[in-house]
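The values are calculated or read from the model by the stated rules, or taken from the named source; none is laboratory data. In this text the structure is predicted, and so the values were computed from the model without any measurement. Backbone-built Cβ (ideal geometry, glycine too); neighbour counts: all protein chains shown. The protein model used for the area step is the full one, side chains on, heavy atoms only, and it has no ligands, DNA or RNA in it. Shrake-Rupley method; radii C 1.70, N 1.55, O 1.52, S 1.80 Å.
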Amino acid sequence: MRLKDKVAVITGGTRGLGRAIAERYLDEGATVVCAARNPYDIEHLIRQLPDRVLFHRTDVADPGSVEELMDAAVAAYGRIDVLVANAGVNHDGKVDRISPEAWRAMVDTNINGTFHTLQSAAKRMIAQGGGGRIITVSSSMSTRVAIGAAGYSATKAAIETLTKVAAIELGRKGIQVNSLAPGVLEDGMGRELSRNQKVWEAYHHRFSLGRAGTLDEAALGAVFLASEDSSYVNGHVLEVNGGLLWA
Ligand SMILES: NC(=O)c1ccc[n+]([C@@H]2O[C@H](COP(=O)([O-])OP(=O)(O)OC[C@H]3O[C@@H](n4cnc5c(N)ncnc54)[C@H](OP(=O)(O)O)[C@@H]3O)[C@@H](O)[C@H]2O)c1
């Protein structure tokens, strides 16, 4: 029960990695507020633990919507101890062809959305006076290049830099800010790569463990970064990628 009585807000907490983090956090004793634009598949969690799971409809690209999310979390549970800024989108496209709309969607959600949630949660954590944990979600692609990945890689690199600056600004206020950078996971955004035989053939030699990771293996990194096990970790990017070999 490493997160007993902690209140965690998880953006994109309705499916994929965010839901896996919510499930692990619940196992560790936390209360979770799962935020996304659509409810998806968390009804079973709400049914099992109605007092410890809340869904809040949120668009992280909209600062007003994010403020409402944080207000709802505080109204329901009295405080926010942990933020996992996990909501993200990916649109592949080569630089000479990617549409302005696809580019803007990645900037709006990945960079602006992470910033809005980080700022909004940090203000409340400071007001509470009791510190807190902020975990942004980057990707192994923040530091590696692949054709068609300009928007995704650039926005994930921005998230890591935002994380490191926020860590040195908020550290003295007792708020630790770190980033979780998964490699390719079996599900969520990684599903297409890991389950498409042709694509996997081209990429599998880059995985030193010879396989994609599970959502749960990445979620365990988010448990570590939210718990006392990481009490002296700040401004760190935790890569959970099975030893990715990539130029
Ligand atoms: N799966 C992987 O292999 C992998 C690897 C490296 C990094 N990541 C990162 O992990 C995070 C989660 O990815 P995933 O694989 O779980 O993807 P996913 O299955 O597509 O889930 C994305 C989540 O983000 C939410 N979301 C998207 N845009 C949003 C917005 N504007 N406002 C609020 N919520 C929004 C989605 O819900 P709605 O659409 O309903 O809003 C959904 O809950 C992302 O940041 C991704 O870059 C994933």
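Taking the full set of protein chains and a 1.4 angstrom probe, give the accessible area of Ile134 in square angstrom, rounded to the nearest 10.
My reading of the accessible area for Ile134 is about 0 Å².
What is the diffusion coefficient of region 1-91 in µm²/s, taking the Kirkwood radius over Cα pairs and the Stokes-Einstein relation at 20 °C with a viscosity of 1.002 mPa s?
It comes out at roughly 168 µm²/s.
Rounded, prolate or oblate, given the Cα gyration tensor of region 83-205, with a/c below 1.5 counting as rounded?
prolate
Take the chain, connect every pair of alpha-carbon atoms lying under 10 Å apart with a spring to form a Gaussian network, then pick out the residue of Glu186, Glu201, Glu228 with the largest mean-square fluctuation.
Per the Cα network of the chain with a 10 Å cutoff, Glu201 tops the list.
Give me the dipole magnitude in Debye, nearest 20, for region 7-240 about the Cα centre, with unit charges on the beta carbon: positive for Lys and Arg, negative for Asp and Glu.
In debye, rounded to 20, region 7-240 gives about 360.
Averaging sequence separations of C-alpha pairs under 8 Å and six or more residues apart, then dividing by the length of the chain, give the relative contact order as a whole percent.
Dividing the mean separation by the residue count of the chain yields 19 percent.
Could you work out the per residue convex hull volume over the alpha carbons of the chain, in cubic angstrom?
For the chain, the hull spanned by Cα atoms encloses 120 Å³ per residue.
Quote the accessible area belonging to Lys123 in square angstrom, nearest 10, computed with a 1.4 Å probe and with ligands, DNA and RNA left uncounted.
In the full protein context, Lys123 sits at about 110 Å².
Report ³J(HN,Hα) in whole Hz for each residue of region 21-33, in order, from the Karplus equation J = 6.51 cos²θ - 1.76 cosθ + 1.60 where θ = phi - 60°; Gly and Pro get x.
5, 4, 5, 5, 4, 4, 4, 8, x, 7, 9, 10, 10
What figure in square angstrom, to the nearest 10, would you give for the accessible area of Asp96 with a 1.4 Å probe?
120
Which Cα, out of Gly174, Leu69, Val7, lies furthest along the positive dipole direction of the chain (beta carbon charges, K/R +1, D/E -1)?
Gly174
If you build a Gaussian network model of the chain, linking Cα atoms that sit under 10 Å apart, which residue out of Gly210, Gly190, Gly151 swings the most?
Between Gly210, Gly190, Gly151, it is Gly210 that shows the largest mean-square fluctuation.
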